[in-house]
1. Sort through A:Gly132, A:Gly93, A:Gly99 and tell me the only one that's small (Gly, Ala, Ser) and buried (at least 22 other Cβ atoms within 10 Å of the Cβ).
2. So B:Arg224 clears everything in (1) buried (at least 19 other Cβ atoms within 10 Å of the Cβ); (2) modelled with pLDDT of 95 or more except one condition, right? Which one?
3. Could you tell me whether B:Gly50 is surrounded by 14 or more Cβ atoms within 10 Å (Cβ to Cβ), part of a loop (DSSP other than H, G, I, E, B), modelled with pLDDT under 95 and not assigned by TED's automatic domain parsing to the domain that holds B:Phe201?
4. Would you mention how many residues in segment B:161-177 are within 21 Å of B:Leu223 (Cβ to Cβ) and surrounded by fewer than 20 Cβ atoms within 10 Å (Cβ to Cβ)?
5. How many residues are assigned by TED's automatic domain parsing to the domain that holds A:Leu18 and of a type in the set (S, T, N, Q) when one looks only at segment A:63-88?
6. Name the residue, out of A:Val189, A:Val180, A:Val158, that is surrounded by 24 or more Cβ atoms within 10 Å (Cβ to Cβ), more than 30 Å from A:Ser29 (Cβ to Cβ) and over 11 Å from the mean Cα position of the chain (by Cα).
7. Give B:Arg134, B:Arg126, B:Arg121 a once-over and let me know the one that is without any contact (Cβ under 8 Å) to a residue 60 or more places away in the chain and under 30 Å from B:His280 (Cβ atoms).
8. Taking the condition within 14 Å of chain A (Cβ to nearest Cβ) and in contact with a strand residue (DSSP E or B) (Cβ under 8 Å, 6 or more places away or on another chain), does B:Ala111 pass?
2 protein chains.
Amino acid sequence: MNGTLTDEAYARAALTYLAEPADRWLVQSLKVHGAVATLDAIKSNRPLGGGRGAPREATKAAVERWRTRLPELPEPERVLAFGESGIRIVCPGDPEWPGQLADLGDDQPYALWLRGTADLRFSCLRSVAMVGSRAATAYGSYVASEFAASVAARGLAVVSGGAFGIDAAAHRGALAADGVTVAVLACGVNVPYPTAHAELFDAVAAQGVLVSEWPPGRHVSRLRFLVRNRVIAALATGTLVVEAGQRSGAVNTARHARDLRRRLMAVPGPITSDLSAGCHQVIREWQGTLVTSAAEVIEHLSPVGEIVTDGQPAAGPGRAASARQAAPAFPRDLLDLESARVLDAMPRRGGMGTVRVAQRAGLAPAATATLLGQLATGGFVERCDDGWRLRRA
Amino acid sequence: MNGTLTDEAYARAALTYLAEPADRWLVQSLKVHGAVATLDAIKSNRPLGGGRGAPREATKAAVERWRTRLPELPEPERVLAFGESGIRIVCPGDPEWPGQLADLGDDQPYALWLRGTADLRFSCLRSVAMVGSRAATAYGSYVASEFAASVAARGLAVVSGGAFGIDAAAHRGALAADGVTVAVLACGVNVPYPTAHAELFDAVAAQGVLVSEWPPGRHVSRLRFLVRNRVIAALATGTLVVEAGQRSGAVNTARHARDLRRRLMAVPGPITSDLSAGCHQVIREWQGTLVTSAAEVIEHLSPVGEIVTDGQPAAGPGRAASARQAAPAFPRDLLDLESARVLDAMPRRGGMGTVRVAQRAGLAPAATATLLGQLATGGFVERCDDGWRLRRA
């Protein structure tokens with residue numbers, strides 16, 4: 001929060017307190033009346049019409065249900081004050097909102113709470129979700145951290161769920177490679193669940209970003225983990241199941257990725273290991289691509305521009321062109337002003353140090369460093385011996 | 001050998017002594033002049049015309065090359081005498097000749113030397129080649145023997161190459177399940193290579209069959225192993241790579257299976273194991289089907305009649321109808337006389353013991369038992385509590 005909060009943003013923030021995600025009547029009310037009117041109706045207990053096919057009794061019941069949480073609703077000042085803890089809210093249409101979430105249709109989050117330094121939209125433009133079992137084996141944990149470190153070093157963000165096992169190994173691998181990692185939580189971004197991951201989450205916030213559909217302070221529930229999985233699948237360019245049992249949460253995430261036509265991959269393992277059975281299921285039954293190295297993961301992720309710009313991945317599960325040559329994910333003229341200034345400041349040929357880029361762009365060096373990192377995640381620039389340089393399309 | 005040997009059979013047997021398999025000029029001479037005339041030409045050093053495009057000089061050079069081994073050539077009486085060691089020769093068109101070898105085109109063997117009790121053609125009608133590394137891990141050996149035992153218990157023959165490691169585990173698994181196994185060797189069927197497998201080969205001969213393109217007494221060579229692999233792939237309905245390194249002999253066999261449009265499968269393993277890299281290559285690059293159980297192997301093998309009757313597997317790598325319901329692989333009226341008599345003797349409904357079937361068929365019980373086993377392999381009959389019964393189409 002930069003000291004301002006639009007009515008729309010406040011209303012959507014408020015709605016994350018009052019309703020669970022993908023609430024059928026709330027989605028309909030948002031479509032018909034918008035967030036501000038919907039929040040007003042709840043606060044004043046004056047149900048709005050639900051639009052075609054929505055009987056007034058249903059919306060009345062819905063409003064009554066949402067009103068049960070009114071005591072938890074913070075004032076706009078308190079929402080703004082979360083900014084002091086590094087927590088911000090982003091709404092559909094905001095510069096940091098990941099456009100690919102629109103692929104979720106009516107199940108798109110009302111808003112997302114974020115904590116961390118990385119720009120969520122930039123981070124997810126070239127990203128891979130790595131998911132798997134909490135009770136991972138040494139093999140699975142090793143593969144998750146190695147793959148995460150390798151793909152993160154190549155500029156891809158590693159998206160996962162912050163849990164024990166594969167999730168933690170993936171986050172830690174990306175962090176170890178000084179990469180960006182995105183933890184999509186089933187609780188508030190200031191709630192350390194599991195508690196043993198409090199330090200991990202702080203590290204993710206320092207180098208990546210924590211994401212939640214639930215407001216600060218909200219706790220996990222079994223259902224919330226499942227609901228959360230669709231966001232992991234939707235945010236990332238592709239989903240990799242590293243090690244998972246059949247009918248596990250990771251397989252649930254993989255199913256979302258398939259339904260969303262994201263790239264789906266799995267790491268094979270011994271057929272004698274129950275924790276590889278979910279991976280083999282993904283390969284056998286859902287045409288997930290078997291991957292044996294981080295290079296294959298990167299190769300399999302198509303230029304993500306196609307997902308961002310029209311919501312469709314490149315044709316089928318075939319081999320994508322090498323991601324190394326991926327064009328920037330969306331046109332330069334869609335960049336926000338400061339990012340565009342940094343990009344304009346880059347030399348046509350060769351590399352340039354961050355301070356010099358900052359001088360040419362007329363921005364502070366620290367802010368420029370952050371923007372360069374985001375532009376790298378977006379595929380516009382890359383590190384080189386001299387600092388940063390433009391990437392060839 | 002049943003005490004007789006046609007001129008054609010003797011000529012082809014002789015040619016396996018004189019030429020290596022898939023000899024370009026010999027193939028052409030066989031097509032144009034037949035085996036008997038070709039052998040006469042070699043023995044008398046009077047080169048025949050090679051047909052269109054074959055200059056006389058080339059056939060002359062070829063005949064001279066083949067003549068170098070004339071001293072090794074046995075007389076017909078000696079070829080017949082191999083029968084005393086249980087060794088027989090089968091030629092294209094013989095009742096025991098596997099028709100699917102025609103898929104090899106010009107690379108079809110001139111003849112095959114066999115040692116063992118099983119009928120080669122019947123055995124291979126429902127069969128799976130299991131191939132893999134000589135230096136198999138405990139994991140690979142375990143999977144090979146378990147899968148082989150399971151598929152053999154379901155009436156499929158297990159085809160492999162008689163080598164250490166995966167091959168041996170596959171043969172032994174099939175033998176342990178009282179199943180049929182086929183060892184395709186790169187040396188004579190009376191040559192124990194590796195020597196440590198002398199007992200294994202005797203056991204295969206007692207319960208299955210040893211196969212070779214090379215005559216008795218001939219030794220292995222590096223090239224012969226590679227040449228042999230095409231026969232393994234061609235004989236079996238499908239090929240399963242259990243555990244193999246990249247660029248290994250097993251991957252070479254898999255390549256033949258793919259080129260021959262046989263079903264291709266591989267067992268996944270840890271990506272950290274070099275000996276699973278070939279399996280993952282087969283899945284990733286050649287669209288081999290990942291299999292995690294013997295049931296999946298059986299499921300993936302389509303009714304083999306399609307391969308036997310027109311040389312084509314069922315459409316693509318999709319899931320085949322359950323092999324349990326597979327129709328017999330070829331029409332009853334193509335059966336040899338004794339098999340047809342056994343089949344005619346079977347009751348329309350319910351089961352019948354071997355001795356009663358033998359009585360009705362007018363055959364010796366031992367011979368009837370062998371024929372019933374072959375008919376089972378061919379999908380015509382199956383075991384039941386009362387002995388044997390007809391299989392439903």
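The values are calculated or read from the model by the stated rules, or taken from the named source; none is laboratory data. A quick note: this is a predicted structure, and the numbers were derived from the prediction, not measured. Cβ sites come from the backbone with ideal geometry, for glycine too, and all protein chains shown count toward neighbours.
1. One residue alone meets the criteria, A:Gly132.
2. (2)
3. So B:Gly50 fits the description; yes.
4. 1
5. Residues flagged as assigned by TED's automatic domain parsing to the domain that holds A:Leu18 and of a type in the set (S, T, N, Q) within segment A:63-88 amount to 1.
6. A:Val180
7. From the options B:Arg134, B:Arg126, B:Arg121, the qualifying one is B:Arg134.
8. no
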